[in-house]
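**Q** Sending over a structure as structure tokens; questions will come in a sec.
Read the figures in this text as sums done on the coordinates, not as results from a lab. These figures come from a predicted structure and were not determined experimentally. Note: ideal-geometry Cβ built from the backbone for every residue, glycine included; neighbour counts use all protein chains shown.
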Amino acid sequence: MLTRREFLQTTAAASGLLLSGADAPPQRLAIIATVYKYLSHAQHIGDRFLVGYPYAGAWHKPAIKVVSLYVDQKPEGDLSGERAQEFGFQVYSTIAEALCCGGKDLAVDAVLIVAEHGDYPRNEKGQILYPRYEFFQQSTEVFTRSGRAVPVYNDKHLSYSFTKAQTMVETSRRLRFPMLGGSSLPVTFRLPELELPLGCEIQEALMVGEGESDAMDFHALEGLQCMVERRKLGESGVRAVQMIEGDAVWKAGEDGRWSRDLLISALSRSDTPLGTGETESRPEDLVTSGQLPKLVANPAAYFIDYRDGLRATLLMLNGALKDFNFAARLKGTPEIQATQFLLTPEPNVTYSACLVHGIEQMFQTRVAPYPIDRTLLVSGILESCLTSKVQNHQRLETPHLKVAYQPPTQSTFCRS
Amino acid sequence: MSTPRPKLAAVVTTYFKYSHAQHIVDRFLYGYGWRGTHHRPPMDLVSLYVDQVGEGDLSRSRGEQFPSMRICPTIAEALTLGGSKLAVDGVVVVGEHGKYPRNEKGQTEYPRWEFFQQIIKVFKDSQRSVPMFNDKHLSWNWDWAKQMVDTSREMGFAYMAGSSLAVTWRIPSVEMPLGSRVREALCVGYGGVDSYDFHGLETIQCMVERRRGAETGVKWLQAYRGEKFWDALREGRWSRRLMEAALCRSHTLVPTRQSFSDVLPTDDDMRQLVKDPIAYHYEHKDGLLCTMILMNGMVRDFNFAADVEHHRSSSVVYAPLVKDFNFAADIDGRSEPFSTQMYLPMPDGRTTLASFFSPLVNNMEKMFLTGKPTYPVERTLLTTGLVAAGMESLYRQQTRFETPHLAVSYQPTRESTFERS
């Protein structure tokens, strides 16, 4: 009798047979990373293709073989050589070589780009200039030269620059390869397992989170976007954004710019409130008690005005909580809909297994489980919000963010 | 017309930060996040008895902050509010934490039975009884636990008890279908005997009680510890497949390989990580085999897995292949393990709130409002007996302990009362 794992390996192989008509050898994967060291995104994600990962109550080993690796930087703790030796692949000194496995033409079936962590400069907006666009361009040059294109996953936002991000997506369309990007937040476990009904009418939405800008705000914005994209008529893009900081955030709340009720609701889903939560481990409604301004020295609000009139807000409240929670008011539903995007603890960070599951699915089927346009739009929202930040927190019209797309019929978050 | 708010008394061993009493009583006093709102229980906690007021005590400052809550020197006063008769509509007993003697079997003799006796004396003297909740197992002593349940029946008051594990979030959010044919079940958790073993047992019991034929009790229990645990694992006393499924639901697997963050441990890895493994392996009267496993050092969560006839996962790895897989599983006649994690947001650095107490308190509230328990106390009576049997088997050099006294029969609730919305 087959075990579940053996069965899955068999079915995965069968899917290869179905798709390629070949004798179902494992797919060949190139990993392109900024750094590969313990607890870096590349290690979390890349390792899952090497040693497998827990999914749906079994240890799943992808029918995928990592055949090459490129790392842009080898800081202290670099694991690239060690992994290559143990798992029998090569570390190449250029991206082109990694994709061609040392030969002249593309020699892999999929490319995993993880350009997060490493020592890269920041620009005046505070964005870390990770070379995602450059990595992508070098990869697609090989595709073009070889007359063959393969699926690409790009971790996190596509680029700090919307223009570059847009070029990346256009290139994937032109060369006709599937592309997936983004954060783990849209795919991680939710408490409760809230899925907004497809086609719902959202009156207002809010996300509350914490962490440093240009890293955690991206996660939070994508968590927000994967919820609101399910609204009536789907996504049509963003008309304007504004980012404000400091006391102006509380003032905006008093003025009704963001909903106090939605914040109470979102915070009611948090398991990590600080203040009396931290000192006494007791629950408290931090909004009604007036504690928030005392806990949060420098709040930030990211306002997003969508083209269809929806207004959504991300509040980054460092000092108030340690997790990410969403709330929305739907037309015709009296109760506020709220959930926590569960970020499971280090070192396992099992939420990245949810992400790798989606990546693997795209590599195997050549169909992205959710649209790259989501990540494109969020890349642009974040860039424009950070532009607003350095331009006196002004509201900025964003005609370039006319990114329209339809969400998947079913959300693809982990719930099985 | 407004319904009067029930008045509650809390009877606790001790009240310090992170104690069960703090988690539970604070939720009645301050409210808690619940289903997208900050919920304030529609009842008043009007009196508090604390058996041990020591260093770190919070009960006195809580008393100052809530003058409507009377701090009482005796249990009787907490129930009568200084009058001559029972003056509350419900009692919350939290006999966990505090300095109490340990007996030669390693059981901490928390005075839950003693508290119960004092409470029912007031009930009897007042010729009136009210609903009571008892945190965790009923007593370290089986005979006493049995007597507590019998007394609640005789006196006709609603009685509920147990662990948060039965009511907390599940990841994924799954319910064991009522009437399932369960062939084997286990839980892999962490913690020590006479404490977290109870949580592991309630994890299993709240699931398997839903099987075809419902609960009829347990015939025997055999504990394995240390080397004997590893022997039992090697000999296949319990299902490896289920154990692996449970481990694959964990979010806290300690990686055994340096520089790797998430790997499935081999047997050698487990031996390296877990210095004092423990299993309670037991057979129900209808033949169901269950195993409660504690692997301190390897996981920090509670994960359940069962072999359930015709169980099929709702989602398999590749969406386009789901049908094929299910089809093959049917032909094969083999089921996938049914598995989930009973999620404990734990304030040990992972969270600040022990939010799993919220569904526990919410179930209590329902009982205090309706006068009906939301799940049967027999569940906890049985798991109380299983903890004592586990300690007994360990005390008797890990020999099999026959449990004819654990012929506890009951029906589960139609719907599980775990938190999912």
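**Q** With a ≥ b ≥ c taken as the square roots of the eigenvalues of the C-alpha gyration tensor of the protein assembly as shown, please select rounded if a/c is under 1.5 and otherwise prolate if a/b is larger than b/c or oblate if it is not?
**A** It is oblate, given that a/c is not under 1.5 and a/b is not larger than b/c.
**Q** Let me check I have the definition right: for chain B, take the eigenvalues of the Cα gyration tensor, multiply each by 5, take square roots. What are those semi-axes in whole Å, largest first?
**A** Square roots of five times the eigenvalues give 37, 23, 22 Å.
**Q** On to the next question. Amide H neighbours of A:PHE189 under 5 Å, at least 5 residues apart or on other chains, H built in the peptide plane: list them.
**A** Result for A:PHE189 returns A:LEU342, A:CYS414.
**Q** I would also like to ask the following. Of all trypsin sites (Lys or Arg not before Pro) in the stretch A:142-225, which ones are in loop regions per DSSP and have a Cβ with at most 10 other Cβ atoms within 10 Å?
**A** Sites meeting the loop and neighbour criteria: A:ARG176.
**Q** Cut-off 10 angstrom, C-alpha nodes, Gaussian network model of chain A. Which of A:CYS200, A:CYS385, A:CYS354 fluctuates the most?
**A** Comparing A:CYS200, A:CYS385, A:CYS354 in a Gaussian network model of chain A, the most mobile one is A:CYS200.
**Q** Now for a different question. Report the residue, chosen from A:THR272, A:THR333, A:THR171, that carries the largest GNM mean-square fluctuation when chain A is represented by alpha-carbon nodes joined by springs under 10 Å.
**A** A:THR333
**Q** Let me ask another. What order do you get for B:TRP238, B:TRP230 when you list them from fewest to most C-beta neighbours inside 10 Å?
**A** B:TRP230, B:TRP238
**Q** Grab the Cα-Cα distance for B:ARG128 and B:ARG212, subtract it from 0.36 nm times how many residues apart they are, and report the gain in nm with one decimal.
**A** Extending this stretch completely gives an extra 26.5 nm.
**Q** Between 0 and 90 degrees, rounded to the nearest ten: what's the tilt of helix B:196-208 against the longest Cα principal axis of chain B?
**A** The angle comes out near 70 degrees.
**Q** Need the list of aspartates and glutamates near A:LYS294 for cross-linking: C-alpha distance under 12 angstrom, and skip anything on the same chain fewer than eight residues off.
**A** A:ASP247
**Q** About its Cα centre, what dipole magnitude does the protein assembly as shown give when the only charges are +1 on Lys and Arg Cβ and -1 on Asp and Glu Cβ, stated in debye to the nearest 20?
**A** 1360
**Q** Cα axis of helix A:162-174 to longest principal axis of chain A: angle in degrees, 0 to 90, nearest 10?
**A** For A:162-174 against chain A, the angle is about 40 degrees.
**Q** Give me B:HIS38, A:HIS157, A:HIS400, A:HIS60 ranked fewest to most by other Cβ atoms within 10 Å of their Cβ, as a rough exposure proxy.
**A** Result, fewest neighbours first: A:HIS400, B:HIS38, A:HIS60, A:HIS157.
**Q** Straight-line reach only, C-alpha to C-alpha below 18 angstrom: list the lysines that A:LYS402 could link to, leaving out same-chain residues fewer than 8 apart.
**A** The qualifying lysines are A:LYS164, A:LYS232.
**Q** Under a 10 Å cutoff between Cα atoms, tell me which one of A:GLN225, A:GLN337, A:GLN85 has the largest fluctuation in the Gaussian network model of chain A.
**A** Looking only at A:GLN225, A:GLN337, A:GLN85, the largest GNM fluctuation is found for A:GLN85.
**Q** Now for a different question. Would you tally the net charge around A:ARG415, using a Cβ to Cβ cut-off of less than 12 Å, leaving A:ARG415 out, and scoring K and R as +1, D and E as -1?
**A** +1
**Q** Tell me the angle of helix A:132-146 to the major Cα principal axis of chain A, expressed in degrees between 0 and 90 and rounded to the nearest ten.
**A** Orientation of helix A:132-146: about 30 degrees from the principal axis.
**Q** Please sort by residue number the GluC sites (Glu not before Pro) in the stretch A:63-128 whose DSSP state is loop and whose Cβ has at most 11 other Cβ atoms within 10 Å.
**A** Passing sites in the stretch A:63-128 are A:GLU76, A:GLU124.
**Q** If r is the Cβ-Cβ distance from A:ASP308 to A:ASP261 and R0 is 25 Å, what FRET efficiency results, to the nearest 0.05?
**A** So the FRET efficiency works out to roughly 0.70.
**Q** FRET efficiency for A:PHE87 and B:ASP143, Cβ-Cβ distance as r, R0 = 56 Å, nearest 0.05?
**A** After rounding to 0.05, the efficiency reads 0.40.
**Q** Between the stretch B:387-421 and the stretch A:264-340, how many Å separate their Cα centres?
**A** Rounded to whole Å, the Cα centres lie 41 Å apart.
**Q** Here's something else I'd like to know. Classify the stretch B:171-342 as rounded, prolate or oblate, taking a ≥ b ≥ c as the square roots of the eigenvalues of its Cα gyration tensor: rounded when a/c is under 1.5, otherwise prolate if a/b is larger than b/c and oblate if not.
**A** Oblate, since a/c reaches 1.5 and b/c is not below a/b.
**Q** Using DSSP, restrict attention to beta bridges with both residues in the protein assembly as shown and report what percent are antiparallel, rounded to the nearest 5.
**A** Antiparallel: roughly 55 percent of the beta bridges in the protein assembly as shown.
**Q** Can you find, among A:GLN291, A:LEU175, A:GLN391, the residue farthest towards the positive end of the dipole of chain A? Put +1 on the C-beta of Lys and Arg, -1 on that of Asp and Glu.
**A** Of the options given, the answer is A:LEU175.
**Q** What do you get for chymotrypsin sites (Phe, Trp or Tyr not before Pro) in the stretch B:90-163 restricted to DSSP loop and a cutoff of at most 15 other Cβ within 10 Å of the site's Cβ?
**A** Loop-located and lightly packed - none at all.
**Q** Sticking with this structure for a sec: Could you tell me how far the Cα centroid of the stretch B:89-127 sits from the Cα centroid of the stretch A:360-408, in Å?
**A** 59
**Q** Compute the length gained on full extension between B:ARG60 and B:ASN103: take 0.36 nm times their separation in residues and subtract their Cα-Cα distance, giving the result in nm to one decimal.
**A** Here the answer is 12.4 nm.
**Q** How large is the direction-averaged shadow of the alpha-carbon convex hull of the stretch B:186-273, in nm²?
**A** For the Cα atoms of the stretch B:186-273, the hull's average projected area reads 6.9 nm².
**Q** If you average the alpha carbon positions of the stretch A:157-177 and of the stretch A:106-124, how far apart do those two centres end up, in angstrom?
**A** About 14 Å separates the Cα centre of the stretch A:157-177 from the one of the stretch A:106-124.
**Q** Give me A:ASP323, A:ASP105 ranked fewest to most by other Cβ atoms within 10 Å of their Cβ, as a rough exposure proxy.
**A** So the residues, fewest neighbours to most, are A:ASP105, A:ASP323.
**Q** Moving to a separate point now. So if I average 1/r over every pair of distinct C-alpha atoms in the stretch B:7-162 and take the inverse, what Kirkwood radius in Å does that give?
**A** The Cα-based Kirkwood calculation yields 15.9 Å.
**Q** Summing -39500 (n - 2.57) over the DSSP H runs of n ≥ 4 in chain B and dividing by its residue number, what mean residue ellipticity at 222 nm do you reach, to the nearest 500 deg cm²/dmol?
**A** Helices in chain B give a 222 nm mean residue ellipticity of -9500 deg cm²/dmol.
**Q** Would you list, by chain and number, the lysines whose Cα falls below 30 Å from the Cα of B:LYS228, excluding same-chain residues fewer than 8 positions away?
**A** Qualifying lysines at Cα under 30 Å: B:LYS105, B:LYS136, B:LYS219, B:LYS275, B:LYS285.
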